[in-house]
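Peer 1: Next up is a structure, given as structure tokens.
The values are calculated or read from the model by the stated rules, or taken from the named source; none is laboratory data. Note that the coordinates shown come from a computational prediction; the quantities given were computed from them, not determined experimentally. Please note that ligands, DNA and RNA were not included when accessible areas were found on the heavy atoms of the full protein model with its side chains. Shrake-Rupley method; radii C 1.70, N 1.55, O 1.52, S 1.80 Å.
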Amino acid sequence: MRDLLLLFIFFLFLSGCDRSEKRTFDLLITNVSIIDIENDSIIPDQFIAIENDTIRLVQHMEGLGDYSSRDTMNAENSYAMPGLWDMHVHFRGGDSLINENKRFLKLFLAFGITTVRDAGGDITPVVMNWKNDIAQNVIDGPEILSSGPKLDGKNPAWDGSISITNSEEVRFALDSLENIKVDFVKIYDGSLDANTFYEILQQAEIKKLRTTSHVPLSADLIKAIDLGLDGVEHMYYIVKAVSPLADSLSQTDLGYGMMPQLINTFDKDLAQEVYTKIAKEQVSVTPTMHIGTVLGGLADNDHASDSLKNYMGKGIQKTYRGRIESAFRAKNSGSTMRQDLANLSAKMIVPMYRSGVNILAGSDSGAYNSFVYPGESLHAELEELVEAGLRPAEALQTSIINGPKFFGLEEHYGSLEKGKRAHILILNANPLKEIKNTRTIEMVIKGTSVYTPGKLLKAVKN
């Protein structure tokens, strides 16, 4: 009898331990279908457990009874997807536009963009402060990965850029960027000559700094890749590399005036060689398709009724005039270069992707880029990639998987799995069936912060 009593007490002790050790999380998302971007599939009836800024568990709903939480979100009939990455944005316009740029932060979140790659501007100290404040949850916004100021030649095209004309200035500039802890180096082709461009790449490679660039049209893309270039912004430079006239036109002073000849001499076989080289060397390409479409149609399309224009500050809207005037000059001259480039670029997307090129989704949104609205334009970019021939899952990979890959951050981002960052979108519809369903955002979750698009947009407008 005494032994039975002791056994009974022992079992009571064990059951008490089970109850006391029932794990409690900060947030549980229940009854959700998880979108597996990499495998183009849906995993139904799941729950996601979040603690601090990290996903701690992803399991079938059958196991939910073993856990509790401080907050619970029932996401029945909804889909969960990792937050979007916009891999080409700009914060710029000088001190007078700082506050208007800051409004972009909530606008990005409202459209489900939880990380942005800032590709250079003229308010770097402020952007770096925002980056730190966001990381410390002082202000709301996407994580920012920034290049700081761009590197350009003797007469930089953009305010805030660093002028470089020789090897010593390259060393000083790269040291300066390291000191402010940039995440990568952005090179611009405003007045940068080929030799100085190559020197930047060589010194950056020694310092193990990631580089991405507008490639000077006097330079050779393949040589730049051999010297360590990690990324190419926009399709101009890929189009140049796949034309047999590339070498001869590099010796001219035509600048972007060479583009019609390059477009008209596109060589499919040469293109495949270039794609294979780019993929082998793990160079990323950010096509920025949507901005090409928008800027190409500025002279014909009326944006007066754009609903998102109301979320742009008056100062930002004033910066749009330059692009608009340029579009009318091009139309009056009979130029169709932008449209022709957009058409050719669209034809190149699928062959590049199938060749293994790390294509990045980037909007190029920000001041001076007329009617390319922060947040919304990344969705438009994904839609253009699908229109070019990618499956919805493949287009999503260019943002959600390839963005982290550029920075070597695959361990922390790219999927909804244990140990990954808790950057999660709750959608009302499945984007694997229709890419426009990325716009059906119900909730944006960043760590333990939960946002609704409506409240974020209201805060931006106010």
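Peer 1: How far, in degrees from 0 to 90, does helix 167-179 lean away from the longest principal axis of the Cα atoms of the chain, to the nearest 10?
Peer 2: So the inclination is approximately 20 degrees.
Peer 1: Here is a further query. Leaving out ligands and nucleic acids, and using a 1.4 Å probe, what accessible area per residue does the stretch 104-260 come to in Å²?
Peer 2: So the stretch 104-260 comes to 38 Å² accessible per residue, rounded to a whole number.
Peer 1: Can you tell me, using C-alpha contacts under 8 Å and at least 6 residues apart, the relative contact order of the stretch 194-344 as a whole percent?
Peer 2: Across the stretch 194-344, relative contact order equals 21 percent.
Peer 1: Here are some values of semi-axes √(5λ) of the Cα gyration tensor in Å: (1) 38, 28, 21; (2) 44, 24, 22; (3) 36, 25, 21. Which one was computed from this structure?
Peer 2: (2)
Peer 1: Report the Cα centroid-to-centroid distance between the stretch 402-462 and the stretch 216-236 in angstrom, as an integer.
Peer 2: 32
Peer 1: Among bridges DSSP assigns within the chain, what percent are antiparallel (round to 5)?
Peer 2: 45
Peer 1: Under the rule a/c < 1.5 gives rounded, and otherwise a/b versus b/c splits prolate from oblate, where does the stretch 70-112 land using the Cα gyration tensor? Intermediate values should be presented prior to the final figure.
Peer 2: Details: a/c = 4.47, a/b = 2.42, b/c = 1.85.
The shape class here is prolate.
Peer 1: Ignoring ligands, DNA and RNA, please state the percent of accessible area on the chain from carbon and sulfur, probe 1.4 Å.
Peer 2: Solvent-exposed carbon and sulfur of the chain make up 48 percent of the total.
Peer 1: Separate question: Can you give me the angle between helix 321-333 and the longest principal axis of the chain, using Cα atoms only, in degrees from 0 to 90, rounded to the nearest 10?
Peer 2: Tilt relative to the chain: about 50 degrees.
Peer 1: Quick check for you: with a 1.4 Å probe and neighbouring chains kept, what is the accessible area per residue of the stretch 361-462, in Å²?
Peer 2: 36
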